[in-house]
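Some notes on the structure that comes next.
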């Protein structure tokens, strides 16, 4: 009993973190994901960055036969400096990349990758992402030759508090990307969208989420 009381007292003594509204996106039940300025989210706005990320995923699979993931953070608010300060590798550093109108940096967090999964430890995420008040512009992981979709594992474990994306069929010329908005305390991640196409034409559709059936 005393151990339980001590544990309860410990957690009560911890400072409470307020969940801030996402600075980049909102979710509209009628229209889907919007940028914070009210404009509809569109893959076309960020195509160059997605192509760069896809090329990185190709190199990883060629080298190790595994999936991978990256984190996009803003260069405007100092989030990139926070990750640079703890020596997190940054790719395409010399390129001026944007996600919509936000200048972004691409970081490769410490991760464990297999031929079917990519994961970042909860300890790292809590200490260095949440603990440093970093709000990702997006987190992106690969599905190699598979479709872009939200798996049950994605649904239950990817809780970035921002935009989650999956790049599928990474060897194709066309872009295949699934995406959803994760917002704390809301069910927005049950709304999953897929976009396929190239710079000339994109097709968007809504697909079932990875939420387990009850």
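Coordinate-derived values only; no laboratory data. As the structure is a prediction and not an experimental result, all values here were calculated from the model. Ideal geometry is used to build each Cβ from the backbone, glycine not excepted, and the neighbour counts take in all protein chains shown.
Taking 0.36 nm per residue of sequence separation and subtracting the Cα-Cα distance, how much length would be gained by fully extending the chain between residue 64 and residue 77, in nm to one decimal?
The span from residue 64 to residue 77 would gain 1.3 nm if fully extended.
Helix 2-13 against the longest principal axis of the chain: what's the angle in degrees, Cα atoms only, rounded to the nearest 10?
Around 60 degrees separate the two axes.
If I model a spin label as a point 7 Å beyond the Cα along the Cα-Cβ vector, how far apart are those points for residue 174 and residue 31 in nm?
Result for the modelled spin labels: 2.7 nm.
In Å and on Cα atoms, what radius of gyration and Dmax does segment 74-148 show?
Rg then Dmax for segment 74-148, in Å: 13.3, 36.
Which value at 222 nm does the chain reach when only helices count, each DSSP H run of 4 or more adding -39,500 (n - 2.57), with the total divided by all residues and rounded to the nearest 500 deg cm²/dmol?
Helices in the chain give a 222 nm mean residue ellipticity of -6000 deg cm²/dmol.
Take each of the peptides 141-152, 182-193, 88-99, average the number of other beta-carbon atoms within 10 Å over its residues, and list them starting from the highest.
Top to bottom by mean Cβ count within 10 Å: 141-152, 182-193, 88-99.
Mind checking the angle between helix 47-64 and the chain's longest principal axis? C-alpha axes, 0 to 90 degrees, to the nearest 10.
Taking the Cα atoms of the chain, the angle to 47-64 is about 80 degrees.
How many angstrom lie between the C-alpha centres of segment 74-116 and segment 149-167?
The distance from the Cα centre of segment 74-116 to that of segment 149-167 comes to 18 Å.
Rank these for me by crowding, 75, 59, 54, 139, going from fewest to most other beta carbons within 10 Å.
59, 75, 54, 139
Restricting to bridges with both residues inside the chain, how much of the DSSP beta-bridge set is antiparallel, in percent to the nearest 5? Could the numbers behind the result be given before it?
Values: 36 of 41 bridges.
Expressed as a percentage, antiparallel bridges in the chain total about 90.
Give me the Kirkwood hydrodynamic radius of the chain in Å, from all C-alpha pairs, to one decimal place?
It is 18.1 Å.
Can you figure out the FRET efficiency of residue 145 with residue 211, using R₀ = 22 Å and their beta-carbon distance, to the nearest 0.05?
Calculated value: 0.35.
Rounded, prolate or oblate: which fits segment 128-214, taking a ≥ b ≥ c as square roots of the Cα gyration tensor eigenvalues, rounded meaning a/c under 1.5, else prolate when a/b beats b/c?
Because a/c hits 1.5 or more and a/b exceeds b/c, segment 128-214 counts as prolate.
For an R0 of 25 angstrom, estimate the FRET efficiency from the Cβ-Cβ distance between residue 115 and residue 52 and round to the nearest 0.05.
The calculated FRET efficiency here is 0.65.
Residue 125 versus residue 98, label points 7 Å from Cα toward the beta carbon: distance in nm?
Here the modelled spin labels are 3.0 nm apart.
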